[in-house]
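Read the structure below first, then the notes.
The values are calculated or read from the model by the stated rules, or taken from the named source; none is laboratory data. In this text the structure is predicted, and so the values were computed from the model without any measurement. All Cβ positions, even for glycine, are placed from backbone atoms using ideal geometry, and neighbour counts span all protein chains on display.
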Amino acid sequence: MYVREYLRFVAGVHKLGKESVQRINDVIELTGLGLEQKKKISSLSKGYRQRVGLASTLVHDPSVLVLDEATTGLDPNQIIEIRNLIATVGKEKTVLLSTHIMQEVEAICHKVIIINKGKIVMDDKSENVNSHSTSIQQIVFAEFSNSIDIKSLTTINGIIEVRNVEANKWILVGNGLVDIRPLIFECAVTLSNQVISLHEQHKSLEDVFREITK
């Protein structure tokens, strides 16, 4: 079927009647299908076929939209386009997104629910994800102006692991009992070295997911 033809069919299924023409025009504009509306769906790229799928679910103006693995199989550019489209729809509707791609959740979701073996193990706002981490370790990224001896870093109170990223860039892991950032700074001052960058790295949703489901 052609794109517009298919959307007319879907509108008919939902018995939209006279308002179907306007609704079809609206969803075609929203999903960016204007140039593709007279093409056969089978001739479209996977990204545009996903857009057609979204358009068909929006024709009858539902208050809740459920999407399952909405960006699977898309290239990076298509993924960003579909994410932006979902975010736009989410401003006016409740969108439930089921996915195993944690970056997807971090990019567009305001609330996260993790289900493990049929039970909800986390249900919270996206900004509170780190509070569900079972580990108290502190991870800090530090960059110095000059080279620094690894022994100087490993002797800092509270540090349990030191990894050299490249040149003068380091990742330092603290035991979580003390804030190691001011101690790292003091160490650099003692060695007459300058701290170019020093910041705490928060855990990703993927890290938290693995912690609470393993």
(Q) Could you list, ordered by first residue, the pairs with Cβ atoms under 7 Å in which the first is in the stretch 178-206 and within 26 Å of S131 (Cβ to Cβ) and the second is assigned to a helix (DSSP H, G or I) and among the β-branched types (V, I, T), at least 6 apart or interchain? (A) L198/I184; L205/V105; L205/V129
Q) Which of (1) outside any loop (DSSP other than H, G, I, E, B); (2) within 24 Å of L198 (Cα to Cα); (3) hydrophobic (A, V, I, L, M, F, W, C); (4) at pLDDT 90 or above is the odd one out, the single condition V105 does not satisfy? A) (2)
Q) Would you say V208 is assigned to a strand (DSSP E or B), outside the structural domain of E104 (by TED's automatic domain parsing) and within 30 Å of C109 (Cβ to Cβ)? A) no
Q) Do we have any residue at all in the stretch 78-95 that's under 22 Å from I212 (Cα atoms), over 11 Å from the mean Cα position of the chain (by Cα) and surrounded by 13 or more Cβ atoms within 10 Å (Cβ to Cβ)? A) no
Q. Which of (1) more than 19 Å from Q78 (Cβ to Cβ); (2) surrounded by fewer than 17 Cβ atoms within 10 Å (Cβ to Cβ); (3) within 33 Å of the chain's Cα centre (by Cα) does V21 not meet, given it meets every other one?
A. (3)
Q: Sort out which residues of the stretch 154-190 are closer than 22 Å to K203 by Cα and crowded, with 16+ Cβ neighbours inside 10 Å, and write them in order of number.
A: G158, I159, V162, W170, L172, V173, G174, I180, R181, L183, I184
Q.
So if I check each of N146, N193, N130, which one is surrounded by 16 or more Cβ atoms within 10 Å (Cβ to Cβ) and either of a type in the set (S, T, N, Q) or at pLDDT 95 or above (or both)?
A. N193
Q) Does I150 qualify as being in contact with a strand residue (DSSP E or B) (Cβ under 8 Å, 6 or more places away or on another chain) and either among the basic types (K, R) or over 25 Å from E106 (Cα atoms) (or both)? A) yes
Q: Tally the residues that are β-branched (V, I, T), in a helix (DSSP H, G or I) and either more than 21 Å from S197 (Cβ to Cβ) or under 26 Å from the mean Cα position of the chain (by Cα) (or both), restricting the search to the stretch 119-176.
A: 1
